[in-house]
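Q: Attaching a single structure in structure tokens format; questions to follow.
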Amino acid sequence: MSTQAEGTSAYGRMIRLIIGSEKFRAHHNVPMPQNEYIEESIRRFGRRLDYDERKRKREARKVHKDAAFAQKVHGLKAKLYNKKRHAEKIQMKKTLKMHDEKNAKQKTDDAVPDGAVPAYLLDREGQQRAKVLSNMLKQKRKEKAGKWNVPLPKVRGIAEDEMFKVVKTGKSKSKSWKRMVTKPTF
């Protein structure tokens, strides 16, 4: 009877709050929440000595495993899997292209110097970074797309208290876990 009264009263809630604090748990040897055991163990004792090596090998094997799965899978699951793989490949190509563009240079015709140019400057003349060119093109595309876009008003986030109303339930209306939607949002 005492444990039941403890759980519902203000005293019981206070005890649960105190036990919930990490300092109290460490001092009084109260067990950790179940979902934090692994992180706690890593923090206290560290990882295995061969953890990095095993992780590297697992990632190297993953490629072969994925390829085997891609060949085996059928139907709708295959379509979804191939779509995901295709998106990953495109993203990878984009990142590789961006890294290549950083150092690539392209010649421009508009920069022609007047007079004699020393030999060591000849290879530099009229060069522009490819990254700058691609950024300019992207900017122009954005401007073109922006011309026809309808400006949308900024929408602020709605707090949980504003969206839901607490509904008291139970015989003595002491339970307050139920929520009623007051402002439906889309």
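Q: Please give the length that would be gained between V73 and R58 if that part of the chain were fully extended, namely 0.36 nm times their separation in residues minus their C-alpha to C-alpha distance (nm, one decimal).
A: My answer for the length gained is 3.2 nm.
Q: Within the set of other residues whose C-beta is less than 15 Å from the C-beta of V166, count the net charge using Lys and Arg as +1 and Asp and Glu as -1.
A: Once all neighbours under 15 Å are counted, the net charge is +4.
Q: Work out, step by step, the length gained on full extension between S172 and L49: first 0.36 nm times the residue separation, then minus their alpha carbon distance; give nm to one decimal.
A: Going from the current span to full extension adds 38.5 nm.
Q: Related question: Please list 3J(HN,Hα) in residue order for the stretch 40-53, calculated via the Karplus relation 6.51 cos²θ - 1.76 cosθ + 1.60 where θ = phi - 60°; whole Hz, with x for glycine and proline.
A: 5, 5, 5, 5, 6, 10, x, 9, 5, 5, 9, 4, 5, 5
Q: For V181 paired with K83, estimate the spin-label separation in nm (one decimal), with each label point 7 Å from Cα along the Cα-to-Cβ line.
A: Here the answer is 2.6 nm between the modelled labels.
Q: Using 0.36 nm per residue, how much length does the chain from N135 to E40 gain when fully extended, once their Cα-Cα distance is taken away?
A: Full extension of this stretch gives 29.6 nm more.
Q: Can you give me the long-range amide H partners of F164? Hydrogens built in the peptide plane at 1.01 Å from N, cutoff under 5 Å, separation of 5 or more residues or another chain.
A: When sequence neighbours closer than 5 places are left aside, the close amide H contacts are T182.
Read-outs: derived from the displayed coordinates by stated rules, not from any lab. Owing to the predicted nature of the structure, the values given are computational and were not obtained by experimental measurement. Ideal geometry is used to build each Cβ from the backbone, glycine not excepted, and the neighbour counts take in all protein chains shown.
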